[in-house]
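So the structure is just underneath, and the comments pick up after that.
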Amino acid sequence: MSWLSRFFRHVWMSPFILRRRFPAATLDAIEAAVATSEKSHRGQVRFAVEAELTSSQLWVGVTARQRALDVFSLLGVWDTEENNGVLIYVLLADRKVEIVADRGIHHHVGEERWRAICREIELHYRKKDFAAGTLTGIHKISAELDHHFPATGEHKNEQPNRPVIL
């Protein structure tokens with residue numbers, strides 16, 4: 001995609017479009033899915049969605065992956081006792097989904113599996129099924145966390161479950 005076409009996609013994207021794709025009911029369902037999934041493992045799942053990047057971010061060529069890494073840090077997803085936080089980051093204007101996982105879980109799962117989950121979410125998003133895509137992603141990530149960090153006793157919720165709109 002050329003720089004100019006990317007620029008216009010971000011200019012035309014708006015918080016209104018984000019709210020249409022992720023209405024309150026969808027955000028509530030995402031929050032509930034995260035809370036439910038975290039009962040079966042010791043990991044922490046966060047979801048963040050952003051409509052568009054700023055002109056200055058576009059000018060310097062910030063990619064969806066770079067922004068996801070920034071958001072991972074900003075939200076403190078890395079700050080878990082077992083280094084097992086996972087962020088699902090969505091940049092609507094670029095039509096990109098990125099998963100950033102802390103080293104404790106990334107070591108077990110690997111980049112290829114995270115990319116496969118992203119592609120599956122993006123398939124749902126192309127069909128305008130944002131709720132199902134996100135819930136599928138949470139389910140797939142939770143399966144990995146269930147396998148590598150199964151729940152043991154009392155659950156400690158180290159991260160908020162509520163989706164973040166940037």
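Things to note:
- Where trypsin sites (Lys or Arg not before Pro) fall in DSSP loop in segment 114-166, at most 13 other Cβ within 10 Å: 127, 128, 156
- Checking every one of the trypsin sites (Lys or Arg not before Pro) in segment 1-101 against DSSP loop status and a limit of 16 other Cβ atoms within 10 Å picks out 39, 95.
- Backbone amide hydrogens, once placed in the peptide plane, bring residue 95 within less than 5 Å of nothing, excluding anything fewer than 5 places away on its chain.
- Cut-off under 5 Å, modelled amide H: who pairs with residue 164 long-range: 47, 48, 49
- Contact order relative to length of the chain, as percent, for alpha carbon pairs under 8 angstrom and 6 or more apart: 34
- Cross-link reach list, lysines versus residue 96, counting only Cα pairs under 21 Å and skipping chain neighbours closer than eight places: 127, 128, 140
- In a reduced charge model with +1 at each Lys and Arg Cβ and -1 at each Asp and Glu Cβ, the chain shows a dipole moment near 780 debye about its Cα centre.
- Value of D in µm² per second that Stokes-Einstein yields for segment 22-71, Kirkwood Rh from Cα pairs, at 25 °C (0.890 mPa s): 187
- Euclidean distance between Cα centres, segment 48-83 to segment 98-166, Å: 16
- Between the amide H of residue 151 and those of 41, 42, distances stay under 5 Å, these residues lying 5 or more places away or on another chain, with hydrogens modeled in the peptide plane.
- Summary of packing: across the peptides 51-60, 141-150, the per-residue average of other C-beta atoms within 10 Å ranks them, highest first, as 141-150, 51-60.
- q = 0.16, 0.22, 0.29 Å⁻¹: log10 I(q)/I(0) that the Debye formula gives for segment 54-117, counting C-alpha atoms only: -0.55, -0.91, -1.26
- Against the chain, whose longest principal axis comes from its Cα atoms, helix 24-37 is set at around 30 degrees.
- Projecting the Cα atoms of 87, 148, 107 onto the dipole axis of the chain, where Lys and Arg carry +1 and Asp and Glu carry -1 at the beta carbon, places 87 farthest toward the positive end.
Bear in mind that the values in this text are calculations on the coordinates, not laboratory data. The model shown is predicted, which means the values in this text are computed figures rather than measured ones. Counting neighbours? That spans all protein chains shown, and the Cβs are built from the backbone with ideal geometry, glycine included.
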